[in-house]
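Have a look at the structure below, then the notes.
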Amino acid sequence: MKLVLLGAPGAGKGTQAVRIAAHLNIPHISTGDIFRKNLKEATPVGLKAKAYIDKGQLVPDEVTCEIVELRIKEDDCKNGFLLDGFPRNIAQAEALDKMTKIDKVINLDVDLKALADRLTGRRVCEKCGESYHVSTKKDETCDKCGGKLYQRADDTLETVNSRLTVYEQSTAPLIAYYKDKGVLVNVDGMQSIEAVFESVKKVL
Ligand code: AMP
């Protein structure tokens, strides 16, 4: 199954994507993760993306679309994949339509007002990517794998505000885009992590 996971920054896309991909045994493709890996390794793509990521803006479409096009051609994507964080605007969605046919788009529906707090308090495991929130996680060690938790450089208040604006202006219109195509399913993203996952499984 070829899936897209849609939702605002902090809606829980990464958290759910790990679970959905394992459940369906398909690769989880996060453009944000790909950019962060390139940034860490200081590759040409990473250096190009840095200025945009630091400001909470979108990396140019031609860079992002090429990365996705190459990735979904890889062998492990033969039986499907889950895209997390792509597409982020209508131009990327149109480019994706030219690459392949998406079976379903899961939109994690959340209250935008809750997101700034979710994002600025977020801590992520550097090893397995699991997310926590400082209000409930008091130490800096991942419960799942023992990895060290860190705060993403773009989870600061200023960058978060700009990412939320980008979401509202560029990404939210994708909800209507995919609804029109008849592939959109909405899931209430304000429930607990497990309840969201159960709801996602029901609509798959
Ligand atoms: P994420 O981990 O999905 O929140 O992405 C982190 C940052 O990577 C975003 O704020 C963008 O700067 C960049 N990024 C990730 N996915 C995309 C995309 N599909 N198009 C453009 N930029 C992206």
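The values are calculated or read from the model by the stated rules, or taken from the named source; none is laboratory data. In this text, all values refer to a predicted model and were calculated from it rather than measured experimentally. Ideal geometry is used to build each Cβ from the backbone, glycine not excepted, and the neighbour counts take in all protein chains shown. We work out accessible area using only protein heavy atoms, side chains counted, and drop any ligands, DNA or RNA first. Shrake-Rupley method; radii C 1.70, N 1.55, O 1.52, S 1.80 Å.
Here are the numbers for this structure:
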item: Failed criterion for residue 176 (all others in (1) of a type in the set (A, V, I, L, M); (2) at pLDDT 95 or above; (3) more than 22 Å from residue 198 (Cα to Cα); (4) within 16 Å of the ligand (Cβ to nearest atom) hold); result: (4)
item: Subset tally (residues that are among the acidic types (Asp, Glu) and modelled with pLDDT under 95) for region 140-173; result: 1
item: Counted residues, region 22-55 - those being small (Gly, Ala, Ser) and more than 12 Å from the ligand (Cβ to nearest atom); result: 2
item: Region 13-50 - residue that is of a type in the set (Gly, Ala, Ser) and at pLDDT 95 or above and, of those, farthest from the chain's Cα centre (by Cα); result: 42
item: Residue among 71, 88, 19 that is surrounded by fewer than 21 Cβ atoms within 10 Å (Cβ to Cβ), within 9 Å of the ligand (Cβ to nearest atom) and among the basic types (Lys, Arg); result: 88
item: Meets criteria (assigned to a loop (DSSP other than H, G, I, E, B), of a type outside the set (Phe, Trp, Tyr), open to solvent by less than 60 Å² (accessible area, probe 1.4 Å) and in contact with a strand residue (DSSP E or B) (Cβ under 6 Å, 6 or more places away or on another chain)) for residue 102; result: yes
item: Residues of region 178-204 satisfying the condition of being closer than 19 Å to residue 103 by Cβ and open to solvent by 80 Å² or more (accessible area, probe 1.4 Å); result: 179, 180, 181, 186, 202
item: Those residues of region 35-56 which are out of contact with any Phe, Trp or Tyr (no Cβ under 8 Å at 6 or more places or on another chain), within 23 Å of residue 120 (Cα to Cα) and among the small types (Gly, Ala, Ser), in sequence order; result: 51, 56
item: Listing of helices (runs of 4 or more DSSP H) fully contained in region 1-74 that carry 3 or more residues being in contact (Cβ under 8 Å) with a residue 12 or more places away in the chain and closer than 25 Å to residue 196 by Cβ; result: 13-24, 31-40
item: Looking only at region 169-204, and only at residues there that are assigned to a helix (DSSP H, G or I), touching a strand residue (DSSP E or B) at 6+ places or on another chain (Cβ under 7 Å) and hydrophobic (A, V, I, L, M, F, W, C), the one that is farthest from residue 114 (Cα to Cα); result: 203
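Results for (1) touching a residue at least 12 places away in the same chain (Cβ under 8 Å); (2) closer than 24 Å to residue 93 by Cβ, shown as yes or no for each residue.
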site: 140; (1), (2): yes, no
site: 147; (1), (2): yes, no
site: 163; (1), (2): yes, yes
site: 170; (1), (2): yes, yes
site: 176; (1), (2): no, yes
site: 182; (1), (2): no, yes
site: 197; (1), (2): yes, no
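One line per residue, one yes/no per condition, for (1) open to solvent by less than 80 Å² (accessible area, probe 1.4 Å); (2) more than 18 Å from the chain's Cα centre (by Cα); (3) near the ligand (Cβ under 10 Å from one of its atoms); (4) not charged (D, E, K, R):
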| position | (1), (2), (3), (4) |
| --- | --- |
| 106 | yes, no, no, yes |
| 117 | no, no, no, no |
| 133 | yes, no, no, yes |
| 144 | no, yes, no, no |
| 156 | yes, no, no, yes |
| 164 | yes, no, no, yes |
